[in-house]
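Worksheet: the structure to be examined is printed underneath.
The values are calculated or read from the model by the stated rules, or taken from the named source; none is laboratory data. In this text the structure is predicted, and so the values were computed from the model without any measurement. As a convention, Cβ positions derive from the backbone with ideal geometry for all residues, glycine included, and neighbour counts pool all protein chains shown.
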């Protein structure tokens with residue numbers, strides 16, 4: 001039996017997870033390194049992410065990897081209480097300015113996964129930065145609804161591709177309740193995770 005990611009004699013790529021220092025360095029060079037504020041791709045992906053909630057409202061939500069808070073702005077209208085986390089202090093400073101009514105904390109998952117119950121967890125283009133043990137430990141903490149979206153293009157420096165992440169999500173949580181994949185990104189909503 002082959003390891004996940006191994007095919008036709010190609011060995012499984014094993015890469016270290018990307019830690020806070022990587023993102024601190026990135027944001028010190030560019031306050032919006034992925035053009036979240038101006039990219040048509042990001043705007044379309046964020047609209048699709050909110051659409052995947054199908055008009056539902058959530059009591060307590062966790063946004064993992066909020067960056068500068070652009071998606072946070074759309075999410076906060078759908079939840080009563082939103083906690084948004086990121087590993088970069090610089091990104092969080094920008095997110096706080098954009099969303100002064102949202103709670104932000106500097107945390108690294110899975111080690112600093114927040115306590116308590118969340119009926120919605122959003123992971124937008126963040127889970128592929130984790131290596132296999134960290135991804136598994138994170139998935140073990142998820143309960144409620146998970147809304148995940150990840151870039152499907154090349155991710156040479158990341159431990160996983162977006163497709164690999166969503167394959168692991170499906171293995172862990174079963175079929176998605178809502179799915180909207182494009183050539184650019186994979187988007188899945190898993191309801192009642194970890195029941």
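One table, with the values for the structure above:
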| read-out | value |
| --- | --- |
| Qualifying residue in segment 165-173 (condition: within 14 Å of residue 46 (Cα to Cα) and surrounded by fewer than 21 Cβ atoms within 10 Å (Cβ to Cβ)) | no |
| Failed criterion for residue 168 (all others in (1) closer than 23 Å to residue 50 by Cα; (2) within 13 Å of the chain's Cα centre (by Cα); (3) assigned to a helix (DSSP H, G or I) hold) | (2) |
| Residue in segment 117-139 that is surrounded by fewer than 16 Cβ atoms within 10 Å (Cβ to Cβ), touching a strand residue (DSSP E or B) at 6+ places or on another chain (Cβ under 9 Å) and without any contact (Cβ under 8 Å) to a residue 60 or more places away in the chain present | yes |
| Those residues of segment 129-142 which are part of a loop (DSSP other than H, G, I, E, B), under 13 Å from the mean Cα position of the chain (by Cα) and over 12 Å from residue 169 (Cα atoms), in sequence order | 130 |
| Residue that is in contact with a strand residue (DSSP E or B) (Cβ under 9 Å, 6 or more places away or on another chain) and modelled with pLDDT of 95 or more, where the choices are 84, 88 | 84 |
| Residues of segment 169-183 classified as touching a helix residue (DSSP H, G or I) at 6+ places or on another chain (Cβ under 7 Å) and closer than 18 Å to residue 153 by Cβ, total | 1 |
| Residue that is nearest to residue 189 (Cα to Cα) [pool: residues in segment 143-159 that are at pLDDT below 95 and in a loop (DSSP other than H, G, I, E, B)] | 143 |
| Cross-chain or 6+ apart pairs with Cβ under 9 Å, segment 59-83 first and touching a residue at least 24 places away in the same chain (Cβ under 8 Å) and at positive phi, then surrounded by fewer than 24 Cβ atoms within 10 Å (Cβ to Cβ) and in a strand (DSSP E or B) | 65/85; 65/123; 69/104 |
| Complete set of residues in segment 71-88 that are in contact with a helix residue (DSSP H, G or I) (Cβ under 7 Å, 6 or more places away or on another chain) and over 12 Å from residue 50 (Cβ atoms) | 82, 84, 86, 87, 88 |
